[in-house]
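Take a look at the structure below.
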Amino acid sequence: MKKIVSTILLAMCAGSILLAEKAEVRMVLKDGKKLNPVSKTVELEKVSADKFRIVIPKESIPENAKFVEVIPEFAKANKGDDGYWMQARGTYGKFDKDNGFYSKNRQLMPIYAVKKGETMFWGHVKTWRFDYDFVARVQNGKYEVYPRFRVDGVKEYFPLYNDIVIEFNKLEGDKANYNEVAKAYQKFQLDNKKVRTIKDRVKDYPMLDYLCESIVIRIQTHCAKPISDKKIDFTKETEWPIVVHMPFGVSEEFVKAIKDAGVDKATIVSAGWNYGGYDGRTPQHLPVEAAAGGEEAYLRLVKKTQDLGYQFTLHATNTDGYTVSPKWDTDWVGKKRDGSLVALGLWAGGKCYLVCQNCSYHKWAISEIHEMAKLGAKGPHYIDVYSATYPNRCADKNHPATPEQMAEYQNKILAESKKVFGGASSESGYDHVAGNIDYINYIERDIKNMWDGKQNKLISGIYPLWELVYHGIILYNSDRATQNHTRGKCMYKLEKSGDPRWMEGDGILDPRTSLKIVEFGGRPIFYTYKFADVPRIKRAWDEFKPVRHLQKEMMVGHDTIADNVFITKFGDGSQIISNYNKEPFSYSIGSEKVAKNIHGKGSTKATKKVVYTINPISYILINPDGSVFTPKPF
């Protein structure tokens, strides 16, 4: 077997004319219960002076392979080397540990980077993007950073159907940093028409203009069944009763209270309006749930909200299905090659079965969008988890779909939502649907993990890599840690979105959360059905207003000025200086020194030095005209 694998690996780059840079290709083979790594060093194809590629033909991957790992020489380092590795979220680690292992099984974007000294390489995984782990490993001070392709996971559903293709891009000198990685990937997305900027889309979707200047308030939830502690296949006779948290009539009062508090622009997302309540009997959504008031009361809520000048949008769940649904049919459930049904998780409807998007697109998803539109909602139609998980897969011979194909159906459903409602949105930052969403609730939960002390020890910090790519393209809140931020921490350990206890806070505010939203270019979002949160929503609105105009601008740079002090730059010339220290920080622009001409003599024109003071745990906004905004203390 070793000889066969070695021969295959040697042949992988055959035919390349210009060869440069080497990589270790490691096939991790299953030998009974043991794993047997077989490695070979190959040369990468040199596409250009600063681009390299590797192609691993699917036929070259042995039948008993569990993983395929690709480790270029430039992705290896030693403890003490100057530089860092970076995962797609912007989580990064310095080369300062002796031992450790970090793995991320889902990637917001199919990119990663390694910087050593004055050189940086960033990898772009062109195929298998839904089937690899990002790995950073150090043993005895020796680092390896690489994608690990999960062969087993693919074979559960299909024979291998894609070659593994990775491109490696070289950045040097001043360009060897995460800002340039973001610019390069953003350019790829824009040039290939994968996404459009907000400024470009507004002419086609005018409600997007309002969305940029509003904050999102998600009524969570009108009603919902409790979440069972066991994976139960409920029936109509055995399902748990619906609990009403905020009926539609009370919701009218809630929305009016927000308006009366002085929140001028808001996008209200209505969750748990649907048949069976939140996650109750999907994939069927209609009729409107009677326990919360029924359709007539719901129509009044929609109109009342819109009369107040707010957007009103619907929360939908297209991926989760339950046996209690009137639409229940094993036909639409995703299946493995052996015919078994794919189930994942436990929510209000009971044991959750994954809906094949190929099947739903062709049978009911599009017509249901048009039926839901009759309720009068206008604005970004919300489809849960489309951007928070990878698309599932289905081996059913009647409606097969790889995750790549499933993503295409998700995009078609989102595109129809934009056409019908004027916009579309989803939950998190996984960018296979980036071209068809206007906003997301949060990007990831890495900042929360870091602040809670739960982050992997190899991680040194988090930079806004995702934000540098997508600010000015997608509206967002950066993290689970910065949601509901003026409410304080959740009083309960359980944070499942279907559990109403998540709507409670301890009232203890951490000003870092407010500052992180500003530094990372985000905007506030609330999940609530509590009148007690109205003044907290108003506080978040007041924090957002001075910087909301930047939502339409591209984020063009981010850097560290000093310890715990950062600068964020925007396309219109605006700059935000964020100070996380407990003492004021002085930031100067310009120089008191007399400028010299090309002959080395003093010029009559001197550069004026301007010194700015940033208060503790606060920021300043330097506008393009040089004027400065200093906020009230958080």
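The values are calculated or read from the model by the stated rules, or taken from the named source; none is laboratory data. Everything quoted here is computed from the prediction, not taken from an experiment. Don't worry about glycine lacking a Cβ; one is built from the backbone with ideal geometry, like all the others, and counts go over all protein chains shown. Surface areas here come from the heavy atoms of the whole protein model, side chains and all, with no ligands, DNA or RNA. Shrake-Rupley method; radii C 1.70, N 1.55, O 1.52, S 1.80 Å.
Using a simple charge model, +1 on the beta-carbon of Lys and Arg, -1 on the beta-carbon of Asp and Glu, nothing else, what dipole does region 367-484 show about its Cα centre, in debye to the nearest 20?
Dipole about the Cα centre, nearest 20: 100 debye.
Name the residues whose placed amide hydrogens come within less than 5 Å of the amide hydrogen of Leu475, ignoring near sequence neighbours (fewer than 5 apart) on the same chain.
For Leu475, the qualifying residues are Tyr439, Ile440.
What length, rounded to one decimal in nm, is gained on full extension from Val385 through to Lys97, with 0.36 nm per residue of separation minus their alpha-carbon distance?
The Val385-Lys97 span can extend by a further 100.1 nm.
What whole-number distance in Å separates the alpha-carbon centres of region 282-328 and region 493-528?
Their Cα centres are 25 Å away from one another.
Between Lys194 and Ala49, what FRET efficiency comes out of the Förster formula 1/(1 + (r/R0)^6) with R0 = 22 Å and r the beta carbon distance, rounded to 0.05?
0.30
Can you tell which of Ile577, Gly376, Met246 lies farthest toward the positive end of the dipole of the chain, using +1 and -1 charges on the Cβ of basic and acidic side chains (Lys, Arg; Asp, Glu)?
Ile577
How far apart, in nanometres, would the label points at Glu156 and Asn64 be if each is projected 7 angstrom from Cα along the Cα-to-Cβ direction?
About 2.2 nm, to one decimal.
Pairs of Cα atoms under 8 Å, at least six residues apart: use those to get the relative contact order of the chain, whole percent.
The value is 11 percent.
If you plug each phi of region 21-28 into the Karplus form 6.51 cos²θ - 1.76 cosθ + 1.60 with θ = phi - 60°, what whole-Hz ³J(HN,Hα) values come out, in order, with x for Gly and Pro?
6, 10, 9, 8, 9, 10, 8, 9
Amide H of Asp320: which non-local residues (sequence gap of 5 or more, or other chain) have their own amide H closer than 5 Å, using H built in the peptide plane?
When sequence neighbours closer than 5 places are left aside, the close amide H contacts are Val355.
Give the accessible surface of region 69-206 per residue, rounded to a whole number of Å², with probe radius 1.4 Å and ligands, DNA and RNA excluded.
39 Å²
For the charge dipole of region 149-242, defined by +1 on Lys and Arg C-beta atoms and -1 on Asp and Glu C-beta atoms about the Cα centroid, which residue among Thr197, Val151, Asn169 has the Cα displaced farthest towards the positive pole?
Thr197
How many percent of the accessible area of the chain is carbon or sulfur, using a 1.4 Å probe?
50 percent
Using r as the Cβ-Cβ distance of Ser228 and Ser39, and R0 as 41 Å, what FRET efficiency do you calculate, to the nearest 0.05?
With R0 = 41 Å, the Cβ-Cβ based efficiency is 0.30.
What's the extension gain from Arg501 to Glu118 if we count 0.36 nm per residue and subtract their Cα-Cα distance?
Separation in residues times 0.36 nm, less the Cα-Cα distance, equals 132.9 nm.
Shape of region 340-460 from its Cα gyration tensor (a ≥ b ≥ c, root eigenvalues): rounded if a/c is under 1.5, otherwise prolate when a/b > b/c, or oblate?
oblate
If each of Glu295 and Asp542 carries a label point 7 Å out from its Cα toward its Cβ, how far apart are those two points in nm?
Between Glu295 and Asp542, the label points sit 4.3 nm apart.
Exposed loop GluC sites (Glu not before Pro) only (DSSP loop, at most 10 other Cβ atoms within 10 Å): please give the longest stretch of the chain free of them, not including the sites.
It works out to 238-591.
Under the Karplus relation 6.51 cos²θ - 1.76 cosθ + 1.60, θ = phi - 60°, what is the ordered set of whole-Hz ³J(HN,Hα) values for region 48-59, x standing for Gly and Pro?
Residue by residue, region 48-59 yields 7, 4, 10, 9, 10, 9, 10, 10, 10, x, 4, 5 Hz.
Which whole number in µm²/s is D for region 100-172 by Stokes-Einstein, with the Kirkwood Rh taken over Cα pairs at 20 °C and 1.002 mPa s?
This corresponds to a translational diffusion coefficient of 159 µm²/s.
Please get the size of the charge dipole for the chain, origin at its Cα centre, with Cβ charges of +1 on Lys and Arg and -1 on Asp and Glu, quoted in debye to the nearest 20.
The dipole of the chain has a size of about 940 debye.
At 0.36 nm per residue, minus the direct Cα-Cα distance, what do Asp572 and Asp452 gain on full extension? Give it in nm, one decimal, please.
39.7 nm
Keeping every protein chain present and rolling a 1.4 Å probe, give me the accessible area per residue for region 266-321 in Å².
26 Å²
Once both labels are modelled 7 Å past Cα along the beta-carbon direction, what's the Lys236-Asp625 spacing in nm?
6.6 nm
If you compute Rg/Rh (Cα atoms, Kirkwood Rh) for the structure shown, which of [x] 0.99; [y] 1.23; [z] 1.15 do you land on?
Among [x] 0.99; [y] 1.23; [z] 1.15, the one derived from this structure is [x].
So, R0 is 41 Å and r is the distance between the beta-carbons of Leu494 and Asp209; what FRET efficiency does that work out to, to 0.05?
With R0 = 41 Å, the Cβ-Cβ based efficiency is 0.60.
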